[in-house]
Amino acid sequence: MAKIIVLCCLIILSAFGSVNAQKIGFYELHKGNISLKFTNWGAAIVSVILPDRNGKLADVALGFDSIQEYETNKRNFGAVVGRVANRIKGAQFTLNGTVYKLIVNDGTNNTIHGGPQGFAHVIWNVTAHSNVGHTPYIVFTYHSIDGDQGFPGDLLVTVRYALIGHNLFSITMKAVALNKPTPVNLAQHAYWNLGGHDSGDILSNVIQIFGSQITALDSELIPTGKFEPVKGTPYDFLEPRPIKSKINGLAKGYDINYVLDGGVGNKLKRVAVVHDPKSGRVLELSASAPGVQFFTANSLNMTGKGGFGYKPHAALCLETQAFPNSVNQPNFPSTIVSPGKPYEHNMLFKFSTN
């Protein structure tokens, strides 16, 4: 069975051709009141246009107007990050007795989001795109070669975005190791502001996160391997409350991995609910990953779409993923993908108003 899977992937890869065969462009999906735009640079979400409680439309995802800005900026707006999302301590890991050294791009010692030329900073192929029927969708594919950013083995990755029902948006990420075991941890790095990308900060948004624990961090924001309860701490969002309610108890803001209460497994579990009181927009997120990185764009300072200035806390990120640095923490769920043992990560976004 493993040989059949690998053979099928090689046939598909041959049919799609080189990952650099396509030009960089924008692509759209529409269904009902929802309109989304994407680019194959980083398989990124460029915009998500939704109505508020009064029917007024706004773009709730931070991003850029031009392809050139996506190519030159390293903020990962809306991109798929990998081969391994988040941080790897010491920019290295050991797998089956071999030490793999990665490219440092986080501080002076660590790797973040797959390295400087990770999946957010490459051209993906658009291998399927339909804007008709009950389920508009688009599929991006990328072939990461053996040694890419220091990671072992060839990896074939697909990401499918789809509008699957009334105000429902799904993301399916899959990866197949073609010849060697390798760590895989893909995440979607959208920056959300339910009031509109140009509406200011998200500190008044009310959020609930279905995670009773966090992975404790060292001074470099990398998990130590220990778990800590959130109850009674600034990380406690077990009940809905405004983001600003306890953010002053932190140095800059939120940038932490929550251990989701649904446990490890491929079934969807509740991740978070975000409500913007002013617009009435609500985002409900479910995912199959064991964790979610909650990030409040603490050092953001740049010009985005429409020339609007994005400042600190202009958005929030909910990056469902495996626990950071899992490849160096044997007590964390494994992120190793082998030939014949594919990777899959599912997300479901439900949008509404109240």
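At 1.4 Å probe size, with every protein chain present, just tell me what the per residue accessible area of segment 29-72 comes to in Å². All intermediate terms of the calculation are to be shown ahead of the outcome.
Details: 1740 Å² over 44 residues.
Value returned for segment 29-72: 40 Å² of accessible area per residue.
Pairs of Cα atoms under 8 Å, at least six residues apart: use those to get the relative contact order of the chain, whole percent.
Taking the mean separation of contacting Cα pairs over the length of the chain, I get 18 percent.
How large a share of the accessible area of segment 57-122, in percent, is made up of carbon and sulfur atoms when the probe is 1.4 Å and the other protein chains stay in place?
Numbers: 1310 of 2610 Å².
The computed percentage sits at 50.
What nm value, rounded to one decimal, do you get for the distance between Gln117 and Gln22 when each label is placed 7 Å out toward the C-beta?
Going from the Gln117 label point to the Gln22 one covers 2.0 nm.
Between Asn179 and His134, what's the calculated FRET efficiency when r is the beta-carbon distance and R0 is 41 Å? Round to 0.05.
0.60
Under unit Cβ charges (Lys, Arg +1; Asp, Glu -1), what dipole magnitude, rounded to 20 debye, does the chain have relative to its Cα centre?
With only Lys, Arg, Asp and Glu charged at Cβ, the dipole is about 400 debye.
Label the chain by shape, choosing from rounded, prolate and oblate, from the square roots a ≥ b ≥ c of the eigenvalues of the Cα gyration tensor; if a/c is under 1.5 it is rounded, and otherwise prolate applies when a/b is larger than b/c, oblate when it is not.
oblate
Contact order normalised by length for segment 182-257, with contacts defined as Cα pairs under 8 Å and 6 or more residues apart; what percent is it?
Across segment 182-257, relative contact order equals 29 percent.
Can you give the accessible area per residue of segment 202-315, in Å², using a 1.4 Å probe?
That works out to 43 Å² per residue.
Per DSSP H run of at least 4 residues, take -39500 (n - 2.57); add these up for the chain, divide by its residues and hand me the 222 nm value, nearest 500 deg cm²/dmol.
Details: 2 runs with 21 residues, N = 354.
After summing the helix terms and dividing by the residues of the chain, the value is -2000 deg cm²/dmol.
Would segment 93-156 count as rounded, prolate or oblate if I go by the C-alpha gyration tensor, calling it rounded below 1.5 in a/c and otherwise prolate when a/b exceeds b/c, oblate otherwise? Please report the intermediate quantities before stating the final value.
On the way: a/c = 3.48, a/b = 2.24, b/c = 1.55.
The shape class here is prolate.
Do you know the relative contact order of segment 224-354, to the nearest whole percent, from alpha carbon pairs under 8 angstrom that are 6+ apart? All intermediate terms of the calculation are to be shown ahead of the outcome.
Numbers: 203 pairs, mean separation 31.8, N = 131.
Computed over segment 224-354, the figure is 24 percent.
Let me make sure I get this right: for segment 223-354, a, b and c are the square roots of the gyration tensor eigenvalues over alpha carbons, sorted descending. Under 1.5 in a/c it's rounded, otherwise prolate if a/b > b/c, else oblate. Which is it?
Numbers: a/c = 1.61, a/b = 1.47, b/c = 1.09.
In terms of gyration-tensor shape, prolate.
With 19 Å as the limit, write out which pairs from Lys23/Lys180; Lys56/Lys246; Lys231/Lys311; Lys269/Lys350; Lys74/Lys350 have Cα-Cα distances beyond it, or answer none.
On the way: Lys23/Lys180 30 Å; Lys56/Lys246 31 Å; Lys231/Lys311 30 Å; Lys269/Lys350 13 Å; Lys74/Lys350 28 Å.
Exceeds cut-off: Lys23/Lys180; Lys56/Lys246; Lys231/Lys311; Lys74/Lys350.
Evaluate E = 1/(1 + (r/R0)^6) for Glu71 and Glu239, where r is the Cβ-Cβ distance and R0 equals 56 Å; express this FRET efficiency to the nearest 0.05. The partial results should precede the final answer.
Numbers: r = 42 Å, r/R0 = 0.75.
After rounding to 0.05, the efficiency reads 0.85.
With N set to the residue count of segment 188-282, report its C-alpha Rg divided by 2.2 N^0.38 Å to two decimal places.
Cα-based Rg divided by the globular estimate yields 1.14.
Between segment 112-171 and segment 284-354, what's the alpha-carbon centroid distance in Å?
If you average the Cα positions of each part, the centres end up 15 Å apart.
How large is the dipole of segment 133-204 about the Cα centre if only Lys and Arg carry +1 and Asp and Glu carry -1, each at its Cβ, rounded to the nearest 20 debye?
With Lys and Arg at +1 and Asp and Glu at -1, about 280 debye.
The values are calculated or read from the model by the stated rules, or taken from the named source; none is laboratory data. Every value quoted in this text rests on a predicted model; they were computed, and no experiment measured them. As a convention, Cβ positions derive from the backbone with ideal geometry for all residues, glycine included, and neighbour counts pool all protein chains shown. Heads up: the accessible areas ignore ligands, DNA and RNA and are worked out on the full protein's heavy atoms, side chains in. Shrake-Rupley method; radii C 1.70, N 1.55, O 1.52, S 1.80 Å.
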